[in-house]
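*Asks:* The structure follows.
What follows draws every value from the coordinates through simple rules; no lab data is involved. Because the structure is a prediction, the values reported are computed rather than measured.
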Amino acid sequence: MKPASIRGRLLLASGVLTLLALGLSWFVLSALLEGFVTRRLTAELVADARGIMAAADWDQRGGFSVAPPPADPRFEQPLAGFYWQVADGSAVLARAPALLTGDLGRDGAAPLGPGGAALMAHREAFTAPGDGRPLFVTVTLPAAERDRELASVRGPLGWSLAVLGLALVVAQLLAVRTGLVELSRFVRAVARIRGGEAERLPPPRAAELMPLAAELDHLLATNAATLERTRAQAGDLAHALKTPLAVLANRAQPEDALLIARMEQMIQWHLKRSRAAGAGLVQQGPTPVGPVLDDIALVLTPEARRRGVALAIRVEGNPAFRGDAEDLAEMIGNLAENAVKWAEASVEIAARQAGGVLVVEVCDDGPGIPEADRAELLRRGVRLDEAKPGHGLGLAIVADRASLYGGDIMLTAAPSGGLCARLVLPVAGEARMSRMQGAHQGAVSQRIGSSTGKGR
């Protein structure tokens, strides 16, 4: 299951909240604008109605008139929805020319106009001079007029909120990105420690990361101390066993020498395995591969010349191993010694960086190994030819050491017909490589002599 993204969750939450806020703002502002437009149009109707009431009058003969009538030309347009009329509840006494022969009801309360269109109306009771009977004045305008005005203000409102929403989304993206910069910097700092480019975390700039940084520093210090104690105990154990084994070797019969040598070999293998198991607990500095291969070639060249085997080294670029130089020398040294032991005429050791990993290939032109036996050969103590000297630990040690570093070893057929051992290991960055090239020159030659001689 793919882990959830903090950035994605922050953006999703802020986006949903922004959408809800903008939607709520739309409804609230639309309601406010609708109330404003309605009040303004109602004020116009009230003003027209007051003008009609002021102009209404009864004459001496009982006739009713509105003089002068409202001057708004819209009241002249037939059936346009702009109407006015005065009624007494039983008859219409005066009306706008736009009504033609129609009316708004004898009490002026008709909901629709003569043409059936919806109206916005204002109706008010009053009395006119000369007669005390109650009268009703009604002034209307088409409801579509109000809808048009609302649309004219809601359109810009919607576009404004859309632009505001886009601006808020961009602001949220920038805010989330800025807020996670410190987290990304913290991850890079941890990666530098893992790559051996730093020993401690720099003080984080974000207060929220300070407790995590303190805990990680404490963990690194604890692991380093634990590893140091483990290595010291392993050294003490090796020293404690060395003398008894020497005594046994002196007392043993010649036929027991092989058994004692195997015991010493197994002890050394387990001690080295214990040391390498802690390698992942502390930072690992970059180890240039080229000098290690040169030292291996220096150690194996005499044996290769004795057997008439040409030993070739090929390094592409400037690859580096993220780990201990001694461990790298032991892994490649075991493979190279096996290759020289079994080769007919040539051995090639090639190293390159590919796809973020270090690839080291050791190929010979010897008899090779059947595909069915290759996996079995990586098991500890397994040998395919008892005629060759060795204890059957070489390839097993390489496989075990590679797995402790998160790597792997594969056995395939070489193009020349022999065996090709491909070692895949974690690669180090290039940041410190220019400073590390000279540090490893000649530092591995002395170690290889004790790590080889295992036998295929």
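*Asks:* So what is Rg over Rh here for segment 6-148, counting just Cα atoms and using Kirkwood for Rh?
*Replies:* Details: Rg = 22.2 Å, Rh = 17.4 Å.
Taking Rg over the Kirkwood Rh, I get 1.28.
*Asks:* On a full-extension model of 0.36 nm per residue, what is the gain between Arg50 and Leu150, subtracting their alpha-carbon distance, rounded to one decimal in nm?
*Replies:* Details: separation 100, 0.36 × 100 = 36.00 nm, distance 2.57 nm.
Taking 0.36 nm per residue and subtracting the Cα distance, the gain is 33.4 nm.
*Asks:* Using the Karplus curve 6.51 cos²θ - 1.76 cosθ + 1.60 with θ = phi - 60°, what ³J(HN,Hα) values do you get for each residue of segment 75-86, in whole Hz, with x for Gly and Pro?
*Replies:* 6, 8, 6, x, 6, 8, x, 8, 10, 8, 7, 10
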